[in-house]
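Reviewing the structure listed below.
The values are calculated or read from the model by the stated rules, or taken from the named source; none is laboratory data. Note that the coordinates shown come from a computational prediction; the quantities given were computed from them, not determined experimentally. Here the Cβ is made from the backbone with ideal geometry for all residues, glycine too, and neighbour counts use every protein chain on show. These area figures cover heavy atoms from the full protein model, side chains too; ligands, DNA and RNA do not enter into them. Shrake-Rupley method; radii C 1.70, N 1.55, O 1.52, S 1.80 Å.
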Amino acid sequence: MSLAKIFQEHPNRRYIEFGGKGGLGKTTFSAATAYWLAKKGYKVLVFSVDPQASLSDIFQQDIFGKGAVEIMPNLFAQEIDADQHIREYQEEIRQKIRDMYGMDEIPEEIENYIQATAAEPAMEESAIFDAVVDIVVGAEYDYYIYDLVPLGHALYYLSMASVYDQWIEKITALRQEMQEYAQVAAVLERKKDTEEDQILAELQYIKNRINTSSGILTDREKTAFFFVVTPEEMIILDTQKAASLFAKYDVPICGYIVNRVIPPKLAQQEIPEYRRHRIEMQDKYLAKIDETFGGDVLTRVPEFERDITGLEMIGKVADALFGGDA
Ligand SMILES: Nc1ncnc2c1ncn2[C@@H]1O[C@H](COP(=O)(O)OP(=O)(O)OP(=O)(O)O)[C@@H](O)[C@H]1O
Ligand SMILES: [Mg+2]
């Protein structure tokens, strides 16, 4: 099974994710896959929540916090700026307070409170989460490629979705119960609507969004998740551990891509001893990867002569990933 084949055989898998430890090539493969699909005529969005702005780096264009930016025909890239979203939240809250109390200025005490909550890490997480939900529930693109943050963090997001979900479920159930009482009370008092209705509606809206997004991202029919590995001992071990954790969260793992493989023909040339040694070690770990992940190993991508930046290099990686079928 090759990577290109998975795309051909599963045309409904329109959400593509590359996961793996830090620095192995997730962003590189996300960009290359986006490039390959765009060249095939699909409208593609590659997006990231990484504050490091690595899509800006690879596409050599500042796109951070600028929404979806067209990189080339059919290829759009977006980097979410969490801070910007938090500022928007804050402004929303201020506006609500102004409207509700007919104020022109936010009292200092309340403003301090707004500032303090924005500094909470949970606020950033929730802003990011919200932005991702906005993207994945949209239907503007043929493909959505989620350039994930390193493993531990990606797991954190996944677990957060399920924690959020459970939490909201509980509150919603509680609200529902309360609403039944409230309705009885309202009938008795001949009132029509209750404030609870609004809160409940809001909670159900949030729950729906979370379910839709985590549903999409873990749906075997719609999503393909690929692990990036390199031929190194620790990476293989960590990937194995992560894969079993991811499986617990129903992440539909479609295969493994081996990156940074030193071309074997190099070994036949005159090369320094340490290089030769590295190539020998690599052979050992490539065998280990095949043994560990078996038929799920989709392809090997060579080590290139320099970092991958710019569309020309991205195109070369796409050729290596998809077998030159561009
Ligand atoms: N096959 C390759 N040949 C040469 N350089 C590569 C190759 N794959 C990746 N790189 C380089 O390695 C670095 C890390 O790659 P990349 O940014 O894609 O990793 P990442 O998994 O997204 O990292 P992070 O976990 O920080 O998001 C980049 O400078 C990239 O250009
Ligand atoms: Mg990256």
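The calculated 222 nm mean residue ellipticity attributable to helices in the chain amounts to -19000 deg cm²/dmol, summing -39500 (n - 2.57) over DSSP H runs of n ≥ 4 and dividing by all residues. Across every direction, the projection of the convex hull enclosing the Cα atoms of the chain has a mean area of 21.2 nm². Taken one residue at a time, the phi angles of the range 130-137 give Karplus couplings (6.51, -1.76, 1.60, θ = phi - 60°) of 4, 5, 5, 4, 3, 5, 6, 7 Hz. Gly and Pro are set to x.
Think of the chain as having a plus end and a minus end, set by charges on the Cβ of Lys, Arg, Asp and Glu; of 113, 69, 314, 314 sits farthest toward the positive end of this dipole.
Under the simplified labelling scheme, the residue 66-residue 109 pair shows an inter-label distance of 4.4 nm, with each label point 7 Å from Cα along Cα→Cβ. Projected label points at residue 84 and residue 172, each 7 Å from Cα along the beta carbon direction, are separated by 3.1 nanometres.
Probe radius 1.4 Å, ligands and nucleic acids ignored: give me the carbon and sulfur share of the accessible area of the chain as a rounded percent. The nonpolar share, carbon plus sulfur, comes to 51 percent. For residue 222, the aspartates and glutamates whose Cα falls under 16 Å of its own Cα, not counting residues fewer than eight places away in the same chain, are 9, 17, 140, 142, 250.
The mean accessible area for residues of the range 84-126, using a 1.4 Å probe and ignoring ligands and nucleic acids, is 75 Å² per residue. Taking the average, over residues, of other Cβ atoms within 10 Å as the packing measure, peptides 144-150, 16-22 rank 144-150, 16-22 from highest down.
Taking each residue as 0.36 nm, the span from residue 304 to residue 96 lengthens on full extension beyond its C-alpha to C-alpha distance by 69.5 nm. FRET efficiency for the residue 205 to residue 237 pair, using the beta carbon distance and R₀ = 35 Å, is estimated at 0.25.
In this Cβ point-charge picture (+1 for Lys and Arg, -1 for Asp and Glu), the chain has a dipole of about 1460 debye about its Cα centre. Between 184, 297, 261, the GNM of the chain built on Cα springs shorter than 10 angstrom shows 184 fluctuating the most.
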